[in-house]
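Worksheet for the structure shown next.
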């Protein structure tokens, strides 16, 4: 039986690689935000209150373009809808120590990578999650700060390279899972296939990238769940 | 950006993002027993991440070839289960190397 402190520490340590990856990705966000006309405080506040990559980049564009509030709300809903599904999945993993106020608090930290780690737990405990969520949050906000303050001095090449960090983190999650399970491999292949259809096929490519991701992912997961239901979940 | 312009955008953005995460977590109390739904839930995150990565990663840099280099490095590192940070860093370094080659050696 593990003690509470060691559970919390284990969570904290699991957050280190996520925090480092977030630093690189949010660094890019800081650069883009400041070069679009926001000051560093505004950039950092967006990161501290949203803690999401794709949604923030899209939201920033809408701000800059003076889009409507409806457009802002809808874009965030669609791009971030995957978090709703992740929250449902984590609600199945969370044990009884995560109740009431803890659900309201922890949900704020449901990001792709934190989800991936939390979902790997046999049984998700409050101590583990409250350790896990700490460093990624600081990595994300401090990375934004660093990018906002110092990003303008970096050459394009470095910015390009840092832009790949986000995708690198995604790849680090789904490739090992696909390697370990042929069913997950099928899911990944289907999702990539659908997503490419939305990108390259004329007509379909007029659908916004947020919707395209949702549709591709839901279709791939549903098809695989119907044809190849998993035994061990 | 004027505060009166910035603040409503920020609040809408943060509120929608938070509620999308919180409401399902707070409201889902029962265990799901259905096999299809359970499989769907298990598969979905991988599907989301894969769909977000492809084909977007190919257009994330200034040159297609630097993106391909980054992608290849990330896939190899991930295949050998090197962990989040190492994989992300491999992608960055490979892309950087490719851009240096493209900009300073191939173009000039």
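Screening A:191, A:148, A:222 for residues that are facing chain B (nearest Cβ under 7 Å) and buried (at least 22 other Cβ atoms within 10 Å of the Cβ) leaves exactly one candidate, A:191. Restricting A:98, A:175, A:114 to those that are in contact with a strand residue (DSSP E or B) (Cβ under 9 Å, 6 or more places away or on another chain) and surrounded by 17 or more Cβ atoms within 10 Å (Cβ to Cβ) reduces the list to A:98. If only residues of the range B:95-108 that are at the interface with another protein chain (Cβ under 8 Å from one of its Cβ atoms) and either touching a strand residue (DSSP E or B) at 6+ places or on another chain (Cβ under 9 Å) or buried (at least 16 other Cβ atoms within 10 Å of the Cβ) (or both) are counted, the one that is farthest from residue B:60 (Cα to Cα) is B:103. Of the residues making up the range A:188-206, not a single one is at pLDDT below 90 and within 26 Å of residue B:98 (Cβ to Cβ). Tell me yes or no: at least one residue of the range A:120-135 is facing chain B (nearest Cβ under 8 Å), closer than 20 Å to residue A:53 by Cβ and in contact with a helix residue (DSSP H, G or I) (Cβ under 8 Å, 6 or more places away or on another chain). Looking for residues that are facing chain B (nearest Cβ under 8 Å), closer than 20 Å to residue A:53 by Cβ and in contact with a helix residue (DSSP H, G or I) (Cβ under 8 Å, 6 or more places away or on another chain), one finds none in the range A:120-135, hence no.
Only residues that are facing chain B (nearest Cβ under 9 Å) and under 29 Å from residue A:212 (Cβ atoms) were counted in the range A:80-105, giving 13.
Any residue that is part of a helix (DSSP H, G or I) and in contact with a strand residue (DSSP E or B) (Cβ under 9 Å, 6 or more places away or on another chain) - is there at least one of those in the range A:124-147? Taking every residue of the range A:124-147 in turn, at least one turns out to be part of a helix (DSSP H, G or I) and in contact with a strand residue (DSSP E or B) (Cβ under 9 Å, 6 or more places away or on another chain). Every listed requirement among (1) out of contact with any helix residue (DSSP H, G or I) (no Cβ under 6 Å at 6 or more places or on another chain); (2) surrounded by fewer than 17 Cβ atoms within 10 Å (Cβ to Cβ) is met by residue A:204 save one, (1). Do we have residue A:18 as at pLDDT below 90 and buried (at least 23 other Cβ atoms within 10 Å of the Cβ) here? Criteria met by residue A:18. The set of residues from the range A:92-109 being in contact (Cβ under 8 Å) with a residue 12 or more places away in the chain and within 18 Å of the chain's Cα centre (by Cα) comprises A:106, A:107, A:108, A:109. Of all the listed residues (A:58, A:43, A:107, A:48), the sole one being crowded, with 18+ Cβ neighbours inside 10 Å, at pLDDT 90 or above and over 29 Å from residue A:122 (Cα atoms) is A:43.
The values are calculated or read from the model by the stated rules, or taken from the named source; none is laboratory data. Values in this document were obtained by computation on a predicted structure and should not be read as measured data. Note: ideal-geometry Cβ built from the backbone for every residue, glycine included; neighbour counts use all protein chains shown.
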